[in-house]
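Worksheet for the structure shown next.
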Amino acid sequence: MNATTVAVDLAKSVFELAVADERWKVLERARLTRRQFERWFENRVVRLVVMEACATPHHWARTLRARGIEVLLVPAQYVRAYVKRDKTDEADALALLEAARASDITPVGVKSVEQQGLQALHRLRSGWMGTRTRRINTLRGFCRVFGMEVSVGAARGLA
């Protein structure tokens, strides 16, 4: 089969695909595991793959681009408007096809491994700082219960 566009709704372990021809008519639907998804593109001619922009599509976009396939990452808030019925993986894949047809949607750029690594470090640091702040504030609250006043600030709270 020579499909031109494939919409992929990514999940943790199972991916839902909607395959469309050059007239955007859905020819095939498939539900694949990660391994099956990796092999699925080997025997097919695909011009465009459309995915919802979140964390994992960047990895798959880099993998598919290495095979010479164009990848379009659509922001999630735009895809939601095209879901025609209850939110299921199949409905999301079909909505991705519709969103890809819209010319007014600006796609998300594919991040490099370095960009994603740096973003992960920033998120990790932010999470650690949030945890530290919560614990210091909890400690300050317990101190107040026993009549001790602890001023604001991490150094004073820990001392």
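The values are calculated or read from the model by the stated rules, or taken from the named source; none is laboratory data. Since the model is a prediction, treat every value here as computed from it, not as a measurement. With ideal geometry, Cβ positions are generated from the backbone for all residues, glycine too; neighbour counts draw on all protein chains shown. Keep in mind that these areas ignore ligands, DNA and RNA; they rest on the heavy atoms of the full protein, side chains included. Shrake-Rupley method; radii C 1.70, N 1.55, O 1.52, S 1.80 Å.
Some points to look at:
- Residue within segment 56-70 that is surrounded by 13 or more Cβ atoms within 10 Å (Cβ to Cβ), at pLDDT below 90 and of a type outside the set (S, T, N, Q) present: no
- Residues of segment 4-32 satisfying the condition of being modelled with pLDDT of 90 or more and open to solvent by 60 Å² or more (accessible area, probe 1.4 Å): Arg29, Arg31
- Against the numbered list (1) farther than 23 Å from Ala30 by Cα; (2) not in a helix (DSSP H, G or I), Arg132 comes up short only at (2).
- Any hit, segment 79-94, residues being part of a helix (DSSP H, G or I), open to solvent by 50 Å² or more (accessible area, probe 1.4 Å), closer than 29 Å to Leu121 by Cβ and without any contact (Cβ under 8 Å) to a residue 40 or more places away in the chain: no
- Selection count, segment 101-129, where residues are free of Cβ contacts under 8 Å to residues at least 60 places away in the same chain, in a helix (DSSP H, G or I) and charged (D, E, K, R): 3
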